[in-house]
C-alpha cells in the first residue's frame, strides 16, 4: 500500500499532475489557451483604443476645427441662396450683382487662388482616382464584350442553341481523341 501511495503521490501529489503536464507537451491545455487568447485580445483592444483615442482638445482647437468645416457648406448654401434671391426679388438681386461687378479684377484672381488652393488638392486627388478607375474599366471592356457574346450564344432563343452537331463531327472526335502526354509516358514506360 505504501508503494502505491508513493507512486500516486509522485504522479498527482504536491500540487502537481505529471500526467497532465506530460499530456500538455503534446496537446495544449484548452483552458490555459483560452486564457492566453483572452489576454491577447484584451491587449489588442487596449492598443487599438490608445491608437484611436482622440486627444483632448481645448476650446480653441474645437473652435478652429468647426471653422475649418464651414467654407464648403457655406459656399454651397450661399450659391443656392443666390438662386432663391434671384427668383424672389430680382431687383434686390440685380442691385447686389451690380456691386459685385465693381470688384477689381486682381481681387477676383486672389479669390480664385485661395479657393483653388483650398479645394484644388482634394479635387486633384478625386480626379486622379476617377481616371485610374476608368483606365481599369477600359482594360476590362474587351473581356466583358467577349463574355457577353458568349452568353448571347447560350441563350435558349438564339439560333442553333440546342444543336448537338452532326454525327460525322462526333465520329471524327471519337476517332482522334486529344493527346494525353501523361498517358503516353505511362504507356511507353509499360512497354519498356
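The values are calculated or read from the model by the stated rules, or taken from the named source; none is laboratory data. These numbers were taken from a predicted model, which means no experiment stands behind them. Neighbour counts run over all protein chains shown; Cβ positions are idealised from the backbone, glycine included.
Can you list the helices (runs of 4 or more DSSP H) found entirely within the range 94-192 that contain at least 2 residues being surrounded by 10 or more Cβ atoms within 10 Å (Cβ to Cβ) and modelled with pLDDT of 75 or more? Break it down into steps so the answer makes sense when it comes.
Numbers: elements: 105-153, 167-175, 181-191.
Correct list: 105-153, 181-191.
If a residue counts only when it is modelled with pLDDT of 80 or more and not assigned by TED's automatic domain parsing to the domain that holds residue 115, which helices (runs of 4 or more DSSP H) contained entirely in the range 1-72 have at least 1 such residues? If you could, list the steps in order and put the result at the bottom.
Numbers: elements: 2-12, 18-26, 30-52, 59-68.
Ranges flagged: 18-26, 30-52, 59-68.
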